[in-house]
Amino acid sequence: MATHQRSREAILSGAKKVIAEVGSYESNMVNIATRAEISRATIYNHFADREEMMIGIVESEINRLTEVAMNADSKSESLFLLSREISADPALAKMVETDHDDMVKLVTISDHPLWITVHRNLADVFGANENNVGLILRWLLAQFTSPLNESQSKVQAEKLASLL
């Protein structure tokens, strides 16, 4: 992997760790650089500002979750794995606790290119039509603020998969 890509991944990982500890409002480039074990200048070589870095985190998570879902053996397993990843994510949990405005933005479906990507990826993973993609998306978004435990994820994933 190229040094540039490794640095970017370290930044995004470090940022997620800092957000999990203090939330997105209290995160700063100094703490993120420390966690990523890079200089602040390296962060600014990758991202113009904090907002661009946050978009990078969301893009990275969309790609990661899509890969998790694509590698599952069934629709039910894909839904279950997505549910567990979202419900157990410490950065999301901290943001729900501390960053209400950011959470509202994060769960508001719009015509933003990231939402278009999410929608397209869900359709690709589940071969689902427009209504089913909406159902899956809303089920997953609900878990941002009301995480499920493992057994709830399993039962609900199986029920939802049976509807697809």
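The values are calculated or read from the model by the stated rules, or taken from the named source; none is laboratory data. Here the structure is a predicted model, which is why all the values come from computation and not from measurement. Methodologically, a virtual Cβ is constructed for each residue, glycine included, from the backbone with ideal geometry; neighbour enumeration extends over all protein chains shown.
Observations, loosely collected:
- Criterion applied to Arg35, Arg84 was being within 20 Å of His4 (Cβ to Cβ) and in contact with a helix residue (DSSP H, G or I) (Cβ under 6 Å, 6 or more places away or on another chain), and the one residue passing it is Arg35.
- Considering the conditions (1) surrounded by 13 or more Cβ atoms within 10 Å (Cβ to Cβ); (2) under 17 Å from Ser7 (Cα atoms), Ala41 is excluded by exactly one of them, (1).
- Number of positions in segment 70-88 that are outside any helix (DSSP H, G or I), without any contact (Cβ under 8 Å) to a residue 40 or more places away in the chain and either of a type in the set (A, V, I, L, M, F, W, C) or surrounded by 19 or more Cβ atoms within 10 Å (Cβ to Cβ) (or both): 1
- Condition met for Thr98 (over 22 Å from Thr145 (Cβ atoms) and surrounded by 13 or more Cβ atoms within 10 Å (Cβ to Cβ)): no
- Among the residues listed as Arg64, Arg35, the single one being of a type outside the set (Phe, Trp, Tyr) and either over 25 Å from Asn149 (Cα atoms) or buried (at least 17 other Cβ atoms within 10 Å of the Cβ) (or both): Arg35
- Candidate set from segment 108-164 (those that are modelled with pLDDT of 90 or more and hydroxyl-bearing (Ser, Thr, Tyr)); member that is nearest to Met53 (Cα to Cα): Thr117
- Condition check for Leu137: closer than 24 Å to Asp101 by Cβ and in contact (Cβ under 8 Å) with a residue 12 or more places away in the chain: yes
- In segment 6-32, the residue that is surrounded by the most Cβ atoms within 10 Å (Cβ to Cβ) out of those that are out of contact with any Asp or Glu (no Cβ under 9 Å at 6 or more places or on another chain) and of a type in the set (Lys, Arg) is Arg8.
- Long-range neighbours under 6 Å by Cβ, at least six apart or interchain, first residue outside any helix (DSSP H, G or I) within segment 96-108, second of a type in the set (Gly, Ala, Ser) and surrounded by 10 or more Cβ atoms within 10 Å (Cβ to Cβ): Asp99/Gly23; Asp99/Ser24
- The set of residues from segment 112-137 being within 14 Å of the chain's Cα centre (by Cα) and more than 15 Å from Ser60 (Cα to Cα) comprises His119, Leu122, Leu137.
- Ala161 meets each of the listed conditions (1) surrounded by 17 or more Cβ atoms within 10 Å (Cβ to Cβ); (2) under 28 Å from Ser27 (Cβ atoms) apart from (2).
- Of all the numbered requirements in (1) more than 21 Å from Leu160 (Cβ to Cβ); (2) touching a residue at least 12 places away in the same chain (Cβ under 8 Å); (3) outside any helix (DSSP H, G or I), Ala48 misses one, and that requirement is (2).
- Just one residue in the set Glu59, Glu26 is among the charged types (D, E, K, R) and either part of a helix (DSSP H, G or I) or in contact with a Cys (Cβ under 8 Å, 6 or more places away or on another chain) (or both); that residue is Glu59.
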